[in-house]
Amino acid sequence: MAKDPRYYMDYTGTGNSLNMRNPYVLQLLMDSLRYWVQEMHVDGFRFDLAATLARGLHDVDRLSAFFDLIQQDPVVSRVKLIAEPWDVGEGGYHVGNFPALWSEWNGKYRDTVRDYWRGENSTMGEFAYRLTGSSDLYANAGRRPHASVNFITAHDGFTLRDLVSYNEKHNQANGENNRDGESHNRSWNCGAEGDTQDEKILQLRARQQRNLLATLMLSQGVPMLVAGDEMGRTQKGNNNGYCQDNEISWNDWERVDEDLLEFTRSLIRLRREHPIFRRRGWFDGRELRGQDVKDLAWLKPDGNEMSEEDWTVGYAKSLAVFLNGSAIRRPGEHGEVVKDDSFYLIFNAHHDQMTFTLPDEKFGGRWVRVLDTAEDTPPELRRSRRGQTLGPGAQVEVQGRAMLLLRCIG
């Protein structure tokens, strides 16, 4: 500490922090990074508690010496740089504040998506930002959607299954009287704490997992999926399992949720096949030259576009978004023109079923179901349902706590 140098400054929660103002510390760090790139051929780095690296005398400084060195280094500046953009010190939360070369774990994405699907009020506006890449955090700094590393869960905290099965942490096995781990998890147990035989609750939990996975994979930005979430791994409510080298933290390959695993595979396949879900540039939300339809439009359940007032209705939890596949302006990785199908995503976080009216024909003439998170029917029945087409003005029923994805076919 500045006033008493016998004591460390602890910004990491592990007892001490590197002094990034010391030139020899910076040299050690940069030499190590170059070694890993040039000799070990790593593709990039994810920096844990990266706000610590930006600490000057005390405050977080995005123009600190470390970032200056990264920016001008001919080796390290060319690889992937991902920040966990916070630390445990005062003023350490800096999502959206890292320099242009960096991508960030988007903690605001995690919090907003969790809150939206558990039914919190006044979340639609921020949910819209997170779904479309968090331009409010990254666009003004000249960064692109891939700056946002989107995630619902991480290596610490609840697993996806536990996120929809527990309201409270259950860390008794850690030996700290349940004091360790985060207490505010934005989780919802769907009506019972932990294991239950209630079929309705189990169905809701399964649907909520599908909702969260589908939102993650269909959002702009870079999706991050924790190993085990795709197959229903549980830690029995323990949200700080780092110290448990046992069945609490292991993957149980004998108890795989095969339906959830197949659902996740289909989402990954959908994202890979359709560049509209992984755009390289931001949406404009304006009509394109020669067209009377926007690259993106937000709509209410009645099929009309959202007004400014609609975004401020605190109790509203249902909306839809049109993604125009013919309006991807930024070229592809090799300079090619990118075209795709158009899609219509419907979100209903209300507990009740909602009727949605499809928009008028300028958005699309015929629509076909691609995905419905409420479905638990056999695959062959799903295929037959998806073959049914819907026209402008058609009404579709969306179950409570569910989302529906439609693809334009004409």
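The values are calculated or read from the model by the stated rules, or taken from the named source; none is laboratory data. The structure displayed is predicted, hence computed values, not measured ones. Because the Cβ atoms are built from the backbone with ideal geometry, glycine has one as well, and the counts that use them run over all protein chains shown. We work out accessible area using only protein heavy atoms, side chains counted, and drop any ligands, DNA or RNA first. Shrake-Rupley method; radii C 1.70, N 1.55, O 1.52, S 1.80 Å.
Go through the residues of the stretch 364-373 one by one and say whether even a single one is part of a loop (DSSP other than H, G, I, E, B), among the β-branched types (Val, Ile, Thr), at pLDDT 95 or above and within 25 Å of TYR116 (Cβ to Cβ).
yes
Please enumerate the residues belonging to the stretch 346-357 that are among the aliphatic types (A, V, I, L, M) and surrounded by fewer than 22 Cβ atoms within 10 Å (Cβ to Cβ).
ILE346, MET354
Every residue in the stretch 102-121 that is touching a helix residue (DSSP H, G or I) at 6+ places or on another chain (Cβ under 6 Å) and within 18 Å of SER135 (Cβ to Cβ), please.
Hits for the stretch 102-121 are SER103, TYR109, THR112, VAL113, TYR116.
Would you please name the residue that is farthest from ASP352 (Cα to Cα), looking only at residues in the stretch 101-118 that are assigned to a loop (DSSP other than H, G, I, E, B) and open to solvent by less than 20 Å² (accessible area, probe 1.4 Å)?
Keep residues of the stretch 101-118 that are assigned to a loop (DSSP other than H, G, I, E, B), which gives 101-102, 106, 118.
Checking the rest, the ones that are also open to solvent by less than 20 Å² (accessible area, probe 1.4 Å) come to 102, 106.
Working: TRP102: 41, ASN106: 30 Å.
Residue satisfying both the conditions and the ranking: TRP102.
So in the stretch 183-212, with the set limited to residues that are within 19 Å of the chain's Cα centre (by Cα) and within 17 Å of GLY157 (Cα to Cα), which one is surrounded by the fewest Cβ atoms within 10 Å (Cβ to Cβ)?
So, considering only residues that are within 19 Å of the chain's Cα centre (by Cα) and within 17 Å of GLY157 (Cα to Cα), the one surrounded by the fewest Cβ atoms within 10 Å (Cβ to Cβ) is HIS184.
Taking the stretch 171-200 on its own, how many of its residues are hydrophobic (A, V, I, L, M, F, W, C) and within 22 Å of GLN244 (Cα to Cα)?
Counting residues in the stretch 171-200 that are hydrophobic (A, V, I, L, M, F, W, C) and within 22 Å of GLN244 (Cα to Cα) gives 1.
Tell me, please, whether a residue that is at pLDDT 95 or above, among the small types (Gly, Ala, Ser) and assigned to a loop (DSSP other than H, G, I, E, B) can be found in the stretch 219-226.
yes
Checking the condition crowded, with 18+ Cβ neighbours inside 10 Å, at pLDDT 95 or above, of a type in the set (Val, Ile, Thr) and under 17 Å from GLY119 (Cβ atoms), which residue from THR215, THR234 passes? Reasoning before the result, please.
On the way: THR234 fails: under 17 Å from GLY119 (Cβ atoms).
Residue meeting the stated conditions: THR215.
Within the stretch 120-144, can you find the residues that are hydroxyl-bearing (Ser, Thr, Tyr) and either touching a strand residue (DSSP E or B) at 6+ places or on another chain (Cβ under 8 Å) or open to solvent by less than 20 Å² (accessible area, probe 1.4 Å) (or both)?
Across the stretch 120-144, the qualifying residues are THR123, THR132, SER134, TYR138.
Could you check how many residues of the stretch 72-95 are surrounded by 15 or more Cβ atoms within 10 Å (Cβ to Cβ), modelled with pLDDT of 90 or more and touching a Leu at 6+ places or on another chain (Cβ under 7 Å)?
Within the stretch 72-95, residues that are surrounded by 15 or more Cβ atoms within 10 Å (Cβ to Cβ), modelled with pLDDT of 90 or more and touching a Leu at 6+ places or on another chain (Cβ under 7 Å) number 4.
Out of everything in the stretch 10-29 that is assigned to a loop (DSSP other than H, G, I, E, B) and over 14 Å from ASP87 (Cα atoms), what residue ends up being modelled with the highest pLDDT?
Result: ASN22.
Given the conditions (1) among the hydroxyl-bearing types (Ser, Thr, Tyr); (2) closer than 21 Å to GLY181 by Cβ; (3) touching a strand residue (DSSP E or B) at 6+ places or on another chain (Cβ under 8 Å), and given that SER148 satisfies all but one, which numbered condition is not satisfied?
(2)
Going through HIS155, HIS146 one at a time, which residue ends up being part of a helix (DSSP H, G or I) and either at negative phi or within 15 Å of the chain's Cα centre (by Cα) (or both)?
Details: HIS155 fails: part of a helix (DSSP H, G or I).
Being part of a helix (DSSP H, G or I) and either at negative phi or within 15 Å of the chain's Cα centre (by Cα) (or both) holds for just one of HIS155, HIS146, which is HIS146.
Within the set of pairs 6 or more residues apart or between chains, which connect a residue that is more than 20 Å from THR132 (Cβ to Cβ) inside the stretch 256-284 to a residue that is open to solvent by less than 20 Å² (accessible area, probe 1.4 Å) and among the basic types (Lys, Arg) with Cβ atoms less than 6 Å apart?
none
Go through the stretch 172-224 and give me each residue that's closer than 19 Å to LEU404 by Cα and in contact with a Cys (Cβ under 6 Å, 6 or more places away or on another chain).
LEU204, ARG205
Among the residues of the stretch 265-314, which ones are part of a helix (DSSP H, G or I), under 24 Å from ASN140 (Cα atoms) and open to solvent by 80 Å² or more (accessible area, probe 1.4 Å)?
ARG278, GLU308 - these are the residues of the stretch 265-314 that are part of a helix (DSSP H, G or I), under 24 Å from ASN140 (Cα atoms) and open to solvent by 80 Å² or more (accessible area, probe 1.4 Å).
Hey, among PHE66, PHE98, which residue is surrounded by 15 or more Cβ atoms within 10 Å (Cβ to Cβ) and assigned to a helix (DSSP H, G or I)?
Within the list PHE66, PHE98, the selection yields PHE66.
Is it the case that GLY387 is open to solvent by less than 20 Å² (accessible area, probe 1.4 Å) and either modelled with pLDDT under 95 or among the basic types (Lys, Arg) (or both)?
No.
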